[in-house]
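Down below is the structure, laid out as structure tokens.
The values are calculated or read from the model by the stated rules, or taken from the named source; none is laboratory data. Predicted, not measured: the structure shown is a model, and the values here were computed from it. Every residue, glycine as well, gets a Cβ built from its backbone with ideal geometry; the counts of neighbours run over all protein chains shown. Ligands, DNA and RNA are stripped out before the accessible areas are found, and what is left, the full protein with its side chains, is counted by its heavy atoms. Shrake-Rupley method; radii C 1.70, N 1.55, O 1.52, S 1.80 Å.
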Amino acid sequence: ELVAGDIASFLRSAGYVHQLFVPMARHSADGSFGIAILSRLPMAATEVLPYAVEGTGHDIFDSASMHSKLRTARFAVALPTFNVQGRSYTIGTTHCPWTPDASAAEFQRIACDAMMKLLGRRELVLCGDFNAPRGGEIFRRLADKWHDNIPPGCVSTLDPRLHRAA
């Protein structure tokens, strides 16, 4: 997740040259923010699969409105495919709906089910901010479909110095 205005800086500082950016919402000061995959490797193909919670799922919401933030954000999966040594690899990223207390809400269930249906049986590595604490309902839905590669002993991947929820 990043602000569109920061992409050029990330590309330069890390030596990336390729990007797939999908805006999710307006950011009051810096244009839009959204999800992205930045890469040193060229992308052989890209695909963006929007999934709606309410409305069309294609509109950029106003981040000043909490109701809008929770209910009508543009959620999507960004899917670049890379060719490496004669093999194709698809890497997906998303940012799923959030709730203030990390419990499952109906709009998260709807979004999670819509995303899983869109992705079907594709072979991919799926990353992102799922807003789904390990062991919770949404996490279990995802883990029932895909293999979780985070070691079982890992309680959280949040850095307690950098993230307020850690």
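Values for this structure:
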{"item": "Pairwise label distance in nanometres, residue 4 with residue 162, each label 7 Å out on the Cα-Cβ vector", "result": "2.5"}
{"item": "Heavy atoms of residue 95 accessible to a 1.4 Å probe, total area in Å² rounded to 10", "result": "20"}
{"item": "Nitroxide proxy distance, nm - points 7 Å out along Cα→Cβ at residue 18 and residue 155", "result": "4.0"}
{"item": "Overall form of region 101-166 per C-alpha gyration tensor (a/c, 1.5; a/b vs b/c)", "result": "oblate"}
{"item": "Charge tally in the Cβ shell below 12 Å around residue 35, where Lys, Arg are +1 and Asp, Glu are -1, residue 35 excluded", "result": "-1"}
{"item": "Most to least accessible of 16, 51 (protein chains only, probe 1.4 Å)", "result": "16, 51"}
{"item": "Estimated FRET transfer efficiency (residue 101, residue 148; beta-carbon r; R0 22 Å; 0.05)", "result": "0.45"}
{"item": "Cβ-defined net charge surrounding residue 91, 12 Å radius [Lys, Arg +1; Asp, Glu -1]", "result": "-1"}
{"item": "Surface accessible to a 1.4 Å probe, residue 154 within the full protein complex, Å²", "result": "40"}
{"item": "Trypsin sites (Lys or Arg not before Pro) restricted to region 126-166 and DSSP loop, no more than 15 other C-beta within 10 Å", "result": "134, 161, 164"}
{"item": "Compactness index (Cα Rg / 2.2 N^0.38 Å), region 93-137", "result": "1.16"}
{"item": "Loop GluC sites (Glu not before Pro), region 69-166 (other Cβ atoms within 10 Å of the site Cβ: 14 or fewer; DSSP)", "result": "123"}
